[in-house]
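Input: a single structure, listed below in structure tokens.
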Amino acid sequence: MRRALNSHETKQRRGALRIAGIAGVLIAALTVVPATPAFAAHGSISGTIGESNGQSGGPVEGAIVRLDPPGDGAIQTRTTDANGAYSFETLANGTYSISVDTPPGDKPAAAISRAVTAGAHVTDANINFLPVSVAGYWIAATDGAVFAYGESKYYGGMAGKRLVSPIVGVLGTSAQLGYWLVAADGGIFAFGDAKHYGSMGGKQLNAPIVGITIDVLDGVGYYLVASDGGIFAFAAEFSGSAGSLKLNKPIVGITPDLDGEGYYLAASDGGVFAYKAIFHGSAGSLPLHKPIVGIDAASDGNGYTLIARDAGVFGYPAGGVEYYGSPCCGLLNSIVGIWTI
């Protein structure tokens, strides 16, 4: 269990963390749906603040949780208890935002959202952070095999099971305690704490699905991208697509901008397309031994990683991504995606 710093220590440490590039603020939008005039019941929102090491979690005591109400209402604060729990009671109708400063030594976590009706009680508004020391990634193959490297944990895969279409991408959850696999026909397979929000399986597509990524604004839904640059959003906000562009090479992957609200698309020639996100560079002008097959955001929010069919890894900005290992031998021609924790 971790102890939060006092206000003076927090200000000093927070400034140092921002300089180091690992500070972050978590925003979670939660909606209280209006009740009928005859029943002006109030709602409540509660949850826990925890720290995950990629395999399990623990509570964060003393974290300051802020509730920003709609309109000009006053901001409320709560301090998490020994179990990392917090609660906001007697909430009037409206849409609320919850923010939590990233605990010292942790990586920013993706936001979450929950909807409640007036008079109901939301009890699963939980937020987990990853320590900066936790690092690694998952790599997926076309047959559904998943390879865990660094401190990432294996939660299952589709290897040896019948697939209608090959696996084309892998996506970790916001708590990094599970992941999704996506197939070329848009089918979704969930493992660990990953939840199913919808898929394109069984639906007509103009081009095959080639990648999947998370909605960092909510930390709930995900996006699928097709080889023609088309985007399909499930419980996620649409930020644009390359569906109407003339592409030199097909799109092969998608990843979120962890510091913003958009995402990046990658083409097989290493080209990168940014939507509501900062462009950090591409491999479009490099002589590649094998085509690019996937893209993944850096865990600190600064840049992204491209992975090639031969498991070659390219980090942008240069030097911003650490190498932990890759599959070898007969698997090299079947690599389809990477997800970094």
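Observations on the structure shown:
- Hits in the range 156-179 - residues which are buried (at least 17 other Cβ atoms within 10 Å of the Cβ) and farther than 10 Å from residue 140 by Cβ: 163, 172, 173, 174, 175, 176, 177, 178
- Of 270, 198, all but one fail to be more than 27 Å from residue 124 (Cβ to Cβ) and among the small types (Gly, Ala, Ser); the exception is 270.
- Among the conditions (1) among the small types (Gly, Ala, Ser); (2) over 16 Å from the mean Cα position of the chain (by Cα); (3) at pLDDT below 75, the only one that residue 135 does not satisfy is (2).
- Selected residue (criterion: modelled with the lowest pLDDT) from residues of the range 306-323 that are of a type in the set (A, V, I, L, M, F, W, C), on the phi < 0 side of the Ramachandran plot and not in a strand (DSSP E or B): 321
- Scanning the range 266-293 for residues that are of a type in the set (A, V, I, L, M, F, W, C) and in a strand (DSSP E or B) gives 266, 267, 272, 273, 274, 292, 293.
- Taken as a whole, the structure leaves residue 221 outside the set of residues that are crowded, with 16+ Cβ neighbours inside 10 Å, over 19 Å from residue 142 (Cβ atoms), free of Cβ contacts under 8 Å to residues at least 40 places away in the same chain and more than 16 Å from the chain's Cα centre (by Cα).
- Any hit, the range 146-155, residues being among the basic types (Lys, Arg), closer than 19 Å to residue 213 by Cβ and either crowded, with 20+ Cβ neighbours inside 10 Å or modelled with pLDDT under 95 (or both): no
- The requirement of being farther than 16 Å from residue 314 by Cβ, at pLDDT 85 or above and assigned to a strand (DSSP E or B) is satisfied by residue 254.
The values are calculated or read from the model by the stated rules, or taken from the named source; none is laboratory data. It should be emphasised that the depicted structure is a prediction, and the values quoted were computed from it without experimental measurement. Virtual Cβ from ideal backbone geometry, glycine too; neighbours counted across all protein chains shown.
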